[in-house]
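Everything on this sheet refers to the single structure shown next.
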Amino acid sequence: MPTIPHAPPHLSLVQRTKNVLTNGKFAALVLLLPPALILFSLFVILPLLQSGYFAFFNWNGYGEPTDYVGLKNFEQMIGHSVFHSAIWNTIKIVLVSLLVQMPLALFLALLIYKKTPTNALFRLIFFVPYILAEVAAGLIWSFVFDGHYGVTASVGETFGLEPFFILADRDWAFVAVMTVIVWKYFGFHMMIYIAALQGVPRDLIEAARIEGAKPFDIVRYVQIPLIKPAIIVSAFFAIIGALQVFDVIIPLTNGGPSNTSHTIVTYLYTFGLTRLRIGFGSAIGVVLFITAVAVAIFYQRAAMSPGKKP
Amino acid sequence: MKHMLGAVGIAVCSLCTVAAQADTTINILRVETGDPAQKAYLSTIGKDYEASHPGVKVNFEYLANEAYKSKLPTLLQSDAAPDIFYSWGGQTLADQAKAGFLKDISGLLNSDFLDTVPKSAVNAYSVDDKIYGLPIYATEVIFWVNKDLTAKAGVDHTQIKTWDDFLKAVQKIKDAGVTPIVAGGKDKWPLHFYWAYLALRYGGADAINEAMQDDGENFESEPFVNAGRTFQELVKLEPFQSGMMGTSYEQASGMFGDGAAAFHLMGDWDYLPSRARSQSGKGLSDEQLAIMPFPMIDGGEAGADATFGGINGWAVSHNAPDEAADFLQHMISDKYQREAAKAGIFIPIVKGTDDAIDNPFFQQVARDLTQSSYHQIFLDQYLGASVGATVNDISADLAQEVITPEEAAAQIQEAWDFQ
């Protein structure tokens with residue numbers, strides 16, 4: 001009979017289904033998946049799709065979007081000089097994170113990764129900025145940078161300098177913002193490196209030393225290659241974090257002076273939300289989302305794929 | 001079955017109690033105010049109304065400025081929409097009315113009451129002759145003057161009538177080693193006062209309203225370009241405190257209270273806050289202070305005696321009970337307006353109540369407002385959220401001389417075309 005050869009796999013499929021249904025896995029699935037799935041769809045997937053839809057409307061948030069404008073929101077964004085500077089600023093944050101923040105974090109991590117009481121104290125001190133709320137950090141630094149009363153003002157005064165208002169300066173305000181970002185997040189990257197450095201087998205370092213390697217050589221040829229996965233992960237966090245910088249900037253400069261210190265997210269907030277141009281804001285959100293996904297996928301392929309040789 | 005009957009019984013009974021109490025709650029949402037006296041004043045009005053209207057509850061809530069503005073659109077579309085909410089009138093109110101979120105209360109107000117409120121102020125809360133809310137007080141933007149500093153520089157502020165007089169005075173003050181003007185440039189809106197006042201002087205009421213009609217002259221027309229050019233005449237003198245673009249309104253207000261500069265272009269509301277924010281907590285005394293109207297412009301006859309400021313009030317949302325309109329009439333009655341005027345909480349809007357004002361500065365502002373040919377509402381409110389923010393942006397850019405007056409005008413028109 002022609003059906004017989006097919007029967008065993010067919011049966012086994014039924015059997016498998018039965019197994020799944022009876023061994024409790026299915027029940028667990030039915031019970032445990034929906035809460036997470038519903039929440040995720042409601043608060044992540046649905047808003048994502050909605051903003052994709054709103055992006056094609058000129059809509060101020062009142063009532064239903066009705067004024068379909070096609071790609072005009074995107075056109076306007078691409079032609080907007082503030083958007084260009086927001087992109088450029090975001091790139092600057094990525095560069096400063098990769099070229100200043102990460103080396104600094106690595107340097108400090110190498111100094112204090114060994115488990116001693118003093119090192120524990122230093123670790124705590126370096127990690128404090130990261131624990132601090134972003135808005136609080138922004139506010140504190142806006143006081144520090146104040147040209148009249150701030151710490152920078154008194155330092156400048158002792159050197160007999162003119163009062164300097166870095167946050168009011170179109171050319172220097174963003175440098176101040178980047179300083180704060182480096183200060184705020186280097187502790188996080190340092191902690192990743194410390195954890196990785198503590199996992200480097202001590203006998204490898206011993207062996208290198210016996211072979212005559214100098215301290216710098218040990219770092220260069222033993223420790224850094226061995227913590228490479230940690231460095232790749234921390235770079236990934238730095239890049240994705242740079243795309244999301246928002247709450248440090250709002251209290252520091254609020255995107256100013258004259259919209260020179262925006263990042264993509266503060267640009268979205270200022271020009272989409274506070275101006276009640278929800279359609280335009282959604283268009284920015286869509287671009288930001290696509291960028292973040294593209295970066296994630298590209299980075300995954302380029303640096304984090306398991307098959308790739310370091 | 002028994003259980004079900006019981007449940008139905010309970011449900012019916014609960015309905016009965018609701019009906020018996022006939023409870024109506026009027027929920028009111030206001031922008032957070034830094035003035036505790038005003039909060040106490042409003043809650044007293046609410047309590048008085050509750051006492052005279054059994055079964056009605058009045059409930060005030062406050063939300064910080066930025067949060068209020070961004071939360072309101074969502075809030076109005078939900079079941080939790082407040083019945084009455086704070087409003088600056090203008091385009092934002094018109095947008096809300098167009099989207100159907102406001103209640104037409106024209107039919108719910110007594111004509112006797114309406115006669116007590118100036119027509120122009122009611123118009124600020126009307127769209128197409130339908131009244132969607134009511135004004136409660138007016139504010140005017142004027143120059144606060146530090147008389148000690150002007151005297152030191154040999155400037156008599158009462159002689160400053162025209163913009164040229166003003167520029168000369170600024171130069172003279174600067175030459176005397178005194179900072180002429182403080183401004184909270186970081187917040188941008190304090191700078192928009194200059195540009196908007198100048199545009200108003202050049203174009204009068206017509207220029208702005210015509211530009212908003214989309215036919216005829218637009219925001220790139222003469223008055224708006226001239227406003228930018230004239231503002232930059234002042235900017236060229238470098239009249240502001242150093243670090244102006246990093247100073248917030250609150251800081252600038254405190255600095256003026258500390259005697260850091262001769263002038264501060266700000267609303268009449270800055271009187272007490274400026275003192276509170278000064279380092280001594282006392283600020284400038286009434287003897288040291290003076291107020292000066294914004295100067296006249298050569299070739300600006302159109303808006304020579306117009307004033308600029310706010311007409312602040314309340315909008316009524318679409319699902320509000322009819323009592324909400326009645327409560328607003330109660331709140332904006334002669335009695336409470338006088339109380340507020342007497343206590344110096346604000347400058348009342350109801351006709352004939354300004355004689356209760358004791359404060360000499362507020363008296364002068366009230367006089368300005370009655371004599372004014374046209375009271376222009378803050379452009380950053382009047383033109384709606386998006387174009388308004390653009391006006392603030394270009395004012396800051398003009399103050400730093402990074403754009404030309406023509407570019408500034410073009411940016412506003414662009415924002416207006418696409419909103």
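Expressed to the nearest 5 percent, the antiparallel share of DSSP beta bridges inside the protein assembly as shown is 60 percent. Shielding of peptide A:74-80 by partners, expressed as the average count of other chain Cβ atoms within 10 Å per residue Cβ, is 1.
With Cβ to Cβ distances under 15 Å as the rule, what net charge do the other residues near residue A:54 carry (K, R +1; D, E -1)? For residues surrounding residue A:54, the net value is +1. Taking all Cα-Cα distances within the protein assembly as shown, those exceeding 35 Å account for 57%. Put a dot 7 Å past the Cα of residue B:156, heading toward its Cβ, do the same for residue B:108, and the two dots end up 5.5 nm apart. Legend: translational diffusion of the range A:72-304 by Stokes-Einstein, Rh = Kirkwood radius over C-alpha pairs, 20 °C, 1.002 mPa s; D = 108 µm²/s. Counts of other chain beta carbons within 10 angstrom of each beta carbon in peptide A:270-277 average 6. For chain A, the number of Lys pairs separated by eight or more positions or lying on different chains, with C-alpha atoms closer than 26 Å, is 12. Work through the residues other than residue B:205 whose Cβ is under 15 Å from its Cβ and net out their charges, Lys, Arg +1 and Asp, Glu -1. Spelling it out: positives minus negatives among the neighbours equals -3. Spin-label model, residue A:104/residue A:206: points 7 Å from Cα along the beta carbon direction are separated by 3.7 nm. Taking 16 Å as the cut-off, the amide N atoms of the range B:166-199 that come nearer than this to a point 7 Å along the Cα-to-beta-carbon line of residue B:237 belong to B:166-183, B:194-195, B:198.
Every helix of 4 or more DSSP H residues in chain A counts as -39500 (n - 2.57), and over all residues that averages to -19500 deg cm²/dmol at 222 nm. Peptide A:54-62 has a mean of 4 when you count, residue by residue, the C-beta atoms of other protein chains within 10 Å of its C-beta. Using the Cβ-Cβ distance between residue A:125 and residue A:213 with R0 = 35 Å, the FRET efficiency computed as 1/(1 + (r/R0)^6) comes to roughly 0.70. If you run the Gaussian network model on chain A, springs between alpha carbon atoms under 10 Å, then out of A:266, A:118, A:179 the most flexible one is A:118. Descending by average beta-carbon neighbour count within 10 Å, the peptides B:80-88, A:199-207, A:61-69, B:389-397 line up as B:389-397, B:80-88, A:61-69, A:199-207, the highest first. Number of Lys-Lys pairs in the range B:38-105 with C-alpha atoms under 18 Å apart and a separation of 8 or more places or on different chains: 4. Per residue, the convex hull spanned by the Cα atoms of chain B measures out at 162 cubic angstrom. The lysines within cross-link reach of residue B:282, meaning a Cα-to-Cα straight distance under 20 Å and a gap of 8 or more places when in the same chain, are B:147. Between B:273, B:151, B:244, the Cα set farthest toward the positive side of the dipole of chain B (charges on each charged residue's Cβ, about the Cα centre) is that of B:273. Could you calculate the FRET efficiency of residue A:148 with residue A:12 from 1/(1 + (r/R0)^6), where r is the beta carbon distance between them and R0 is 56 Å, rounded to 0.05? Given R0 = 56 Å and the Cβ-Cβ separation, E is 0.10. The residues neighbouring residue A:226, those whose beta-carbon lies less than 13 Å from its own, together hold a net charge of +2 under the Lys/Arg +1, Asp/Glu -1 convention. The range B:242-296 and the range B:26-45 have Cα centres spaced 25 Å apart.
The trypsin sites (Lys or Arg not before Pro) of the range B:158-249 meeting both criteria, a DSSP state outside H, G, I, E and B (loop) and at most 15 other C-beta atoms within 10 angstrom of the site's C-beta, are B:161. The peptide list A:275-282, A:210-217, put in order of mean Cβ contacts within 10 Å with the highest first, becomes A:275-282, A:210-217.
Taken together, the values in this text are just the output of simple stated rules run on the coordinates, not laboratory data. Owing to the predicted nature of the structure, the values given are computational and were not obtained by experimental measurement. Cβ coordinates were reconstructed from backbone atoms using ideal geometry, including for glycine residues, and neighbour counts include every protein chain displayed.
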